[in-house]
Amino acid sequence: MATHKLIIAGFGGQGVLLTGQIIAYAGMMEGKEVTWMPSYGPEMRGGTANCTVIVSDKKISSPVINEATAVVAMNLPSLVKFENMVEPGGKIFINSSLIDEEPKRDDIEVYSIKANEIAEGLNNSKVANMVILGAVIDNTGIVKRESVEKVLENIFTGDKANLIDLNKQALRAWNA
């Protein structure tokens with residue numbers, strides 16, 4: 001396995017930081033080395049938010065990413081800000097529900113996913129991040145789907161346990 005360096009970005013309230021935490025938690029469950037580093041603007045909901053996640057089978061010297069193997073852009077400002085950080089041959093996952101522009105580069109793989117529409121089709125707009133996460137795990141191999149599903153079972157407990165099946169469904173919905 002290679003070292004996966006992922007940037008997930010969007011605006012506050014899109015579940016960007018949670019998505020990164022889920023990947024990091026899944027990586028830990030698989031016995032891999034992981035880092036998760038959040039960053040957000042002064043406004044919690046509606047402000048910009050991003051996080052970096054590194055998952056590797058060898059020691060990680062720094063959580064800082066200069067070049068990402070993959071980027072998730074949940075909104076246009078995120079695409080503009082992080083497109084150039086994808087390494088040549090890397091992948092970019094675009095929430096094409098909110099982004100009507102294509103990346104300018106032709107040396108990366110582009111996955112345009114109408115995450116918001118797909119989430120609405122599942123009757124819950126809040127799972128757009130899980131739709132994109134499904135695409136990321138299916139196309140990068142950063143962690144196993146089974147690990148992510150186990151993480152969902154561990155974090156959605158008590159009153160939130162009823163969200164497990166919906167989130168698992170959202171993980172599979174990106175290419176349906």
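Please indicate, with yes or no, whether at least one residue in region 152-161 is aliphatic (A, V, I, L, M) and either in contact with an Asp or Glu (Cβ under 8 Å, 6 or more places away or on another chain) or surrounded by 18 or more Cβ atoms within 10 Å (Cβ to Cβ) (or both). Scanning region 152-161 turns up at least one residue that is aliphatic (A, V, I, L, M) and either in contact with an Asp or Glu (Cβ under 8 Å, 6 or more places away or on another chain) or surrounded by 18 or more Cβ atoms within 10 Å (Cβ to Cβ) (or both). Residues in region 81-138 that are under 15 Å from GLN14 (Cα atoms), in a helix (DSSP H, G or I) and not small (Gly, Ala, Ser): ASN116, GLU117, ILE118, GLU120, LYS126, VAL127, ASN129, MET130, VAL131, ILE132, LEU133.
Of all residue pairs spaced 6 or more apart or on separate chains, those with beta-carbon atoms under 7 Å, a first member in region 66-91 that is of a type in the set (Lys, Arg) and a second member that is assigned to a strand (DSSP E or B) are LYS81/ALA9; LYS91/ALA70; LYS91/GLU109; LYS91/TYR111.
So that you can scan it fast, the table gives a plain yes or no per residue for (1) charged (D, E, K, R); (2) surrounded by fewer than 19 Cβ atoms within 10 Å (Cβ to Cβ); (3) touching a Ser or Thr at 6+ places or on another chain (Cβ under 6 Å):
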{"residue": "GLY10", "(1), (2), (3)": "no, no, yes"}
{"residue": "ALA24", "(1), (2), (3)": "no, no, no"}
{"residue": "ASP57", "(1), (2), (3)": "yes, yes, no"}
{"residue": "MET74", "(1), (2), (3)": "no, no, no"}
{"residue": "SER78", "(1), (2), (3)": "no, no, no"}
{"residue": "MET85", "(1), (2), (3)": "no, yes, no"}
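Please go through region 140-164 and give me each residue that is part of a helix (DSSP H, G or I), of a type outside the set (Ser, Thr, Tyr) and within 12 Å of the chain's Cα centre (by Cα), ordered by number. Hit for region 140-164 is VAL148, nothing else. The listed residues are ALA49, ALA2, ALA73, ALA68, and the only one of them that is in contact with a strand residue (DSSP E or B) (Cβ under 8 Å, 6 or more places away or on another chain) and farther than 18 Å from ASN139 by Cα turns out to be ALA49. The listed residues are ASN167, ASN175, and the only one of them that is in a loop (DSSP other than H, G, I, E, B) and more than 12 Å from the chain's Cα centre (by Cα) turns out to be ASN175. Being out of contact with any helix residue (DSSP H, G or I) (no Cβ under 9 Å at 6 or more places or on another chain) and either surrounded by fewer than 20 Cβ atoms within 10 Å (Cβ to Cβ) or of a type in the set (Phe, Trp, Tyr) (or both) is true for just one of SER125, SER112. Which residue is that? None of the other options fit; the residue is SER112. Contact annotation: residue pairs with Cβ atoms under 7 Å, 6 or more positions apart or on different chains, pairing a residue in region 144-165 that is in contact (Cβ under 8 Å) with a residue 40 or more places away in the chain with a partner that is surrounded by 13 or more Cβ atoms within 10 Å (Cβ to Cβ) and polar (S, T, N, Q), are LEU152/ASN167. Within the option set GLU102, GLU117, GLU149, being over 14 Å from LYS5 (Cα atoms), modelled with pLDDT under 95 and out of contact with any Gly (no Cβ under 8 Å at 6 or more places or on another chain) holds for one residue only, GLU102. Taking region 13-28 as the range and being closer than 16 Å to THR3 by Cα and of a type in the set (A, V, I, L, M, F, W, C) as the test, the residues that pass are ILE23, ALA24, ALA26, MET28.
For ASN167, state whether it is over 15 Å from LEU6 (Cβ atoms), crowded, with 21+ Cβ neighbours inside 10 Å and polar (S, T, N, Q). Yes.
Residues in region 10-34 that are in a strand (DSSP E or B) and under 14 Å from the mean Cα position of the chain (by Cα): 2 in all.
The values are calculated or read from the model by the stated rules, or taken from the named source; none is laboratory data. Everything numeric here is computed off the predicted structure, so don't read it as measured data. Here the Cβ is made from the backbone with ideal geometry for all residues, glycine too, and neighbour counts use every protein chain on show.
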